[in-house]
Amino acid sequence: MSALEAIIFDVDGTLADTERDGHRIAFNAAFADAGLDWDWSVPLYGELLRVTGGKERIRAYLAEHRPDFVLPAPLDDFVRGLHQRKTEHYTEMMRQGAIGLRPGVLRLLREAFDAGLQLAIATTTTPENVTALLSAVQVPGRYPELSRWFRVIAAGDVVPAKKPAPDIFALALAELGLPASACVAVEDSDNGVRSALGAGLDALLVTVSSYTEAQDFSGAALVADGLGEPGAAPRLLAGGCAEAVAPVVADRGLIDLAVLRELHRCACAGR
Ligand code: XBP
Ligand code: MG
């Protein structure tokens, strides 16, 4: 069995709960800037999230909700312009610290970084969004800026197909130069789970987020409601390795590197 060498993180919903109060707000602001009366409410955005990728989401909305909309420019240009404005709004919000990391994320990242594990990102979102989110995090102590902790940041349009296709996780693995069996992946959504499993990442932890709680995470090694923090243990919800890791989680009181090592051992046994 391979040793654990890297952790590959999804971003939206996993590192930070960015969809409802970050991306959604930025889309609506871009629509208003363009003089459009579109308003993506919290429930509507939840439905639209089944389509990964902001540009793809705008196209799906047009097709399903605005079939009579007369395009002011060729579709590609129109969507690209709207999405670019959305990215400007989103990165500005992140720079101002609108949304922080989820509880336990910085703790786990620091533990993994200090232990010499490789860190990577595999996300559908635009690369600038990742940098803006990570750059706004102040890490106490003598550490480089958070975005520089990640040896690989695989993000956005760099692959032919977005999640649930496995391409972005496959790219992260290729850039790490590691087999899937040497990694743990952390996700929050059903599309992300299918993507990671498709790339062979069996040691898959799901930390459900506000929009994804009710989704199907079949095939994940562990599903929890978060990483937990000292004094606030996570709830384990499901997963093929939930039984194996439960005693370690109970002992540690949260999900830390010891738990991920056990998860990796359980999920990759025999590989
Ligand atoms: C989530 C996504 C992204 C974001 C919006 O990515 O599907 O499309 O919602 O970002 P992940 P963009 O969970 O893989 O991090 O508008 O830049 O696409
Ligand atoms: Mg996600």
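Summary of computed values
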| read-out | value |
| --- | --- |
| Accessible area expressed per residue, region 204-243, with surrounding protein chains retained (probe 1.4 Å, Å²) | 46 Å² |
| Estimated [θ] at 222 nm from DSSP helical runs (n ≥ 4, -39500 (n - 2.57)) normalised by residues in the chain, nearest 500 | -12500 deg cm²/dmol |
| Diffusion coefficient, µm² s⁻¹, Stokes-Einstein with Kirkwood Rh over alpha-carbon pairs of region 168-238 at 4 °C and 1.567 mPa s | 103 µm²/s |
| Accessible carbon and sulfur surface of region 55-95 relative to its total accessible area, %, 1.4 Å | 52 percent |
| Net charge of neighbours whose Cβ lies under 11 Å from the Cβ of His23, counting Lys and Arg as +1 and Asp and Glu as -1 | 0 |
| Theoretical FRET efficiency, 1/(1+(r/R0)^6), r = Cβ-Cβ of His65 and Ser2, R0 51 Å, to 0.05 | 0.65 |
| For region 19-95: rounded, prolate or oblate by the Cα gyration tensor [a/c cutoff 1.5] | oblate |
| Relative compactness, the chain, computed as alpha-carbon Rg over 2.2 N^0.38 Å | 1.01 |
| Sum of side-chain charges, Arg261 neighbourhood, beta-carbon under 14 Å (Lys, Arg +1; Asp, Glu -1) | -3 |
| Relative contact order, percent, region 19-95 [alpha-carbon distance under 8 Å, six or more residues apart] | 42 percent |
| Order by protection proxy (mean Cβ within 10 Å, highest first), peptides 62-69, 239-246, 255-262, 178-185 | 178-185, 255-262, 239-246, 62-69 |
| For region 131-271: relative contact order, % (alpha-carbon pairs under 8 angstrom, 6 or more apart) | 15 percent |
| Alpha carbon centroid spacing (whole Å) that separates region 239-271 from region 15-90 | 39 Å |
| Pair-distance profile P(r), taking every C-alpha pair of region 205-271, with 5 angstrom steps and integer % | 4, 19, 30, 24, 15, 7, 1, 0 |
| Rounded, prolate or oblate (a/c below 1.5 giving rounded, otherwise prolate when a/b exceeds b/c) for region 105-171 by Cα gyration tensor | prolate |
| The chain - percent relative contact order, Cα under 8 Å, separation 6 or more | 21 percent |
| Given charges at beta-carbon only (K, R positive; D, E negative), |dipole| of the chain in Debye | 460 debye |
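The values are calculated or read from the model by the stated rules, or taken from the named source; none is laboratory data. Keep in mind it's a predicted model, so treat the numbers as computed, not measured. We place every Cβ from the backbone using ideal geometry, glycine too, and count neighbours over all the protein chains shown. Heads up: the accessible areas ignore ligands, DNA and RNA and are worked out on the full protein's heavy atoms, side chains in. Shrake-Rupley method; radii C 1.70, N 1.55, O 1.52, S 1.80 Å.
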